[in-house]
Each structure stands twice: as C-alpha cells, then as structure tokens.
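Structure, as structure tokens:
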Amino acid sequence: GAGVSQSPSNKVTEKGKDVELRCDPISGHTALYWYRQSLGQGLEFLIYFQGNSAPDKSGLPSDRFSAERTGGSVSTLTIQRTQQEDSAVYLCASSLGGGNQPQHFGDGTRLSIL
Amino acid sequence: GENVEQHPSTLSVQEGDSAVIKCTYSDSASNYFPWYKQELGKGPQLIIDIRSNVGEKKDQRIAVTLNKTAKHFSLHITETQPEDSAVYFCAFYSRRGSTLGRLYFGRGTQLTVWP
C-alpha cells in the first residue's frame, strides 16, 4: 500500500523567503510527526499531531516555524523568513495511534537555503 | 528532558560477522522501543521493535534485547551482509514532558559491512 508521501523532495530557496513542506500520511493514521535532520545528525523532533490538533509543539525551534493539519490527513510545515541554519532534511512520519505505535517515515524534503 | 545514549557512533565489521548496537534510556516507565534503519537519501525504516513485557524478539538475522532493570536495549545483527550498511537509530517512548507521549531518538550508528 501507499506509504508516507512528502513533497517536494528537494527545495532550494533564497534566504528570507517562505517555504511550505507537505506531508501526506498513510491512510487511516491519526498521528503525524515532523522531524528535522541536519547533515549526518540524528532526528530532531519538531511537532506532533493527533487528528487535527497539535498536543506537542515543543520542538519548533522558533516562531518562524508553524504547522497545520486539516481533515485529519495532510499536514503542511511552513517556515517563514528562512535562514541558512534552516537547511536540513525535513521528515514526516505517521502512526495508527499514539507515540507507542510504530511510526512510518516518508523520504523527506531536502531544504537548502542559499 | 528525556534522552537516550546510543553506542557506538560508528561500527565496521567484516561480512558474516555480528554487529551489536546498544542504547541506554532515561525513563524507567517506558514501554516501547523501536529500531530504525536509514539508507542514504531515504527516510528511516522501522526494522524491529520490542515492548516491555518481553525481553527479546527475533526476526531472521535481527534481534533486539531489553533489560528494563538496567534501562538499556540492544540491536543484534548476525551474519551481516554489505546491504546491512546504513545508519541505525534506536528510540524509546516516553510520556514524561509530553501530553500524549512521543519517541525519543538516539544519535545513530553508522554501520559499515565490508565484503
């Protein structure tokens, strides 16, 4: 069946521009997660959705980062006024229920800020 | 906050040998421990997981062991093959500091299997 789908797969933009990253979770998965992975580093948690609400936004690095989820399905991560330190791979994962259920990842969006 | 220590950060083995990666976690109430494999340019892929009511779980050449008393768990890969080369991440689930709980990931182990 279809896995987690992320788009675009690559995004290059100039410093100061806004970007939107999209995640399409596995059908029926109620939980959705965003992570950030810098080159050669581990996974940095950003935000977690259960349905359309975000009970845990603790990982968002600044108020330039925001995310929403509509219809309990697709989620968008928005970064405003991008900075060079925002360059990373942004990964999305989904799971059937809460955090103690297997998470399935997409292949990420590689974001490069010039 | 919660944390997990993963060792070693890099591991090189000869094809056919075994590889072991160990993680130590902070939350004694944790009950779910997955392992992920990440190949270059791909997202992490779940390869095996274990819950706290069992001490060991096997799936072909891969096994995970859990020691709740010591708060550590390990990934064992036997008869390694070059295609096992990847970055491996451990994780554990904790509800501390988060309303519904989430996974906390180790920093990863780069495994290289030489033919």
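All of the numbers you see were taken from the coordinates with simple rules; none came from a lab. Here the structure is a predicted model, which means the values were calculated and not measured. Cβ coordinates were reconstructed from backbone atoms using ideal geometry, including for glycine residues, and neighbour counts include every protein chain displayed.
Here are the numbers for this structure:
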| read-out | value |
| --- | --- |
| Residues with amide H under 5 Å from that of A:Asp107, placed H, sequence gap 5 or more | A:Gln6, B:Gly43 |
| Within a Gaussian network of chain B (alpha carbon springs, distance under 10 Å), most fluctuating of B:Gly101, B:Gly41, B:Gly16 | B:Gly41 |
| Sequence-distant lysines (8 or more away, or on other chains) whose Cα lies within less than 28 Å of B:Lys42 | A:Lys11, A:Lys15, A:Lys17, A:Lys57, B:Lys22, B:Lys57, B:Lys58 |
| Pairwise centroid distance, computed over Cα atoms, of segment B:19-40 with segment A:35-81, Å | 22 |
| Neighbour-count order for B:Trp35, B:Trp114, fewest beta carbons within 10 angstrom listed first | B:Trp114, B:Trp35 |
| Over segment A:43-114, relative contact order from alpha-carbon pairs under 8 Å, at least 6 apart, % | 22 |
| Karplus-derived HN-Hα couplings along segment A:35-50 (A = 6.51, B = -1.76, C = 1.60, θ = phi - 60°), whole Hz, x at Gly and Pro | 10, 10, 10, 7, 3, x, 10, x, 9, 9, 5, 10, 7, 9, 10, 10 |
| Residues B:Thr78 and A:Gln80, FRET efficiency given R0 of 35 Å [Cβ-Cβ distance, rounded to 0.05] | 0.10 |
| Principal axis box of the protein assembly as shown, alpha-carbon based, largest edge first, Å | 49, 38, 35 |
| Relative contact order (%) - chain B, alpha-carbon pairs under 8 angstrom, separation at least six | 37 |
| About the Cα centre, charge dipole magnitude for chain A (Lys/Arg +1, Asp/Glu -1 at Cβ), debye | 100 |
| Cβ-based exposure ranking for B:Leu103, A:Leu114, B:Leu11, in which fewest neighbours within 10 Å come first | A:Leu114, B:Leu11, B:Leu103 |
| Counted charge near B:Glu79, where neighbours are those whose Cβ lies closer than 15 Å (Asp, Glu -1; Lys, Arg +1) | -3 |
| Where labels lie 7 Å past Cα in the beta-carbon direction, separation of A:Ser9 and B:His7 in nm | 3.9 |
| √(5λ) per eigenvalue of the Cα gyration tensor, chain B, largest first, Å | 25, 15, 12 |
| Ranking of A:Arg36, B:Arg51, B:Arg102, A:Arg81 by count of other Cβ atoms within 10 Å, fewest first | A:Arg81, B:Arg51, A:Arg36, B:Arg102 |
| Cα-based equivalent ellipsoid, segment A:4-95: semi-axes from gyration tensor eigenvalues, Å | 21, 13, 13 |
